[in-house]
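Encoded as structure tokens, the structure appears first; notes follow it.
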Amino acid sequence: MRKWFQGTEAAFTPRNSARLGDHIDATTLRVLIIVFIATLIRSAFGFGEALIAVPLLVLFIPLEVAAPLVVLVSITVAGIVVMQDWEKIHLRSAAWLVVSTLLGIPLGLLLLTSTHQRMVKAGLGLIIVAFSAYSLTGRTSPQLERDSRGWLFACGFCAGVLGGAYGMNGPPLVVYGALRRWSAQHFRATLQGYFLPASVIGMGGYWLAGLWVHAVTHYFLLSLPVTLLGVFLGRVINHRLQSPAFLKYLYAGLGAIGALLVVQAIAGRL
């Protein structure tokens, strides 16, 4: 592994840039396009960029580079949104979700070595699809008039399990935001208040594991302009979303995530 990273760093040295210039330029362009689209979606809806960015990025760069890159972008997006719309963050909700997520991560990591992970993944996917389909049919879905510690703990804990096992923290958080009927603006801001500390902790783990390498920093610095553009355009879109339409987008996105989990479980992929 160390030799591979050393080779990756060597690829960016001036001596090799002429020989690999065309390849690097084409790869970088694809990375920038993917990061922009993922950032736009994250800024507009508050979640979902990792489900788009990681699967597409690994087609062009190694997973060991793609995963930390997405987390760095996540920190950047969350930091900007928190500074922009800090007054719209439900701080108590975000804090409870972060704490309960930390408690769920060990169980998620345990699932990685479990022989039942495909069954659990398929079950979670089916539950998410069923909840989304029920909500999209126009029937009245459950609603929380005020914060519930039980629901906060349950959704945060499940987010930690999903994040630790599959890198998908979002679905339980979306469920809680939908139950609370947060507006598009409050939903976006509150989730970034959650993702900022969670992503910083995650990036610390990558650093300790030696995965924050030159290639990650290289692509991150190059992607900063498109990340900033995506954040500000996403904010414009978010502020134009009305609550009824926004909830439908959330349920549709949740359904797609649930279906993806089921497909991955059937195909035997993590």
Q) Counting only residues 5 or more places away or on other chains, whose amide H sits under 5 Å from the amide H of Arg180 once H atoms are built in the peptide plane? A) Leu144
Q: Please work out how much accessible surface Arg92 shows to a 1.4 Å probe, ignoring ligands, DNA and RNA, in Å² rounded to 10.
A: 110
Q | Cα-based helix-to-principal-axis angle, 91-112 vs the chain, degrees rounded to 10 | A | 60
Q | Simple Cβ-charge dipole of the stretch 99-215, Lys/Arg +1 and Asp/Glu -1, about Cα centre, in debye nearest 20 | A | 220
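Ranked from highest to lowest mean number of other Cβ atoms within 10 Å per residue, what is the order of the peptides 240-253, 76-89, 46-59?
Values: 240-253: 15.6, 76-89: 18.0, 46-59: 19.9.
The densest-packed peptide leads the list: 46-59, 76-89, 240-253.
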Q) What is the helix-to-structure angle for 149-166, meaning the angle in degrees between its Cα long axis and the longest Cα principal axis of the chain, kept from 0 to 90 and rounded to the nearest 10? A) 30
Q) Which peptide among 181-193, 225-237 comes first, and what is the full order, when sorted by highest mean count of other Cβ atoms within 10 Å? A) 181-193, 225-237
Q: Report, in degrees rounded to the nearest 10, the 0 to 90 angle that the Cα long axis of helix 117-136 makes with the longest principal axis of the chain.
A: 50
Q: Would you mind getting the accessible area per residue of the chain, heavy atoms of the protein chains only, 1.4 Å probe, in Å²?
A: 50
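Ignoring ligands, DNA and RNA, please state the percent of accessible area on the chain from carbon and sulfur, probe 1.4 Å. Mind dumping the intermediate values first?
On the way: 9310 of 13400 Å².
Ligands and nucleic acids excluded, carbon and sulfur give 70 percent.
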Q) Relative contact order for the stretch 79-163 using alpha-carbon pairs under 8 Å, separation at least 6, rounded to a whole percent? A) 61
Q) How high is the relative contact order of the chain, given as a whole-number percent (alpha carbon pairs under 8 Å, six or more residues apart)? A) 35
**Q.** Square roots of five times the Cα gyration tensor eigenvalues for the stretch 134-256, Å
**A.** 29, 20, 12
Q: Give a residue-ordered list of calculated ³J(HN,Hα) values for the stretch 254-266 (Karplus: 6.51 cos²θ - 1.76 cosθ + 1.60, θ = phi - 60°; whole Hz; x for Gly, Pro).
A: 4, x, 5, 5, x, 4, 4, 4, 5, 4, 5, 5, 5
Q. Modelled label-to-label distance, Phe232 and Met119, 7 Å Cα→beta-carbon offset: nm?
A. 5.3
Q) Cα-based Rg of the chain per 2.2 N^0.38 Å, rounded to two decimals? A) 1.02
Q: Return the Rg/Rh value of the stretch 46-161, two decimal places, where both radii are evaluated on C-alpha atoms and Rh is the Kirkwood radius.
A: 1.00
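The values are calculated or read from the model by the stated rules, or taken from the named source; none is laboratory data. Computed from a prediction, not measured in an experiment: that's the story for all the values here. Note: ideal-geometry Cβ built from the backbone for every residue, glycine included; neighbour counts use all protein chains shown. The protein model used for the area step is the full one, side chains on, heavy atoms only, and it has no ligands, DNA or RNA in it. Shrake-Rupley method; radii C 1.70, N 1.55, O 1.52, S 1.80 Å.
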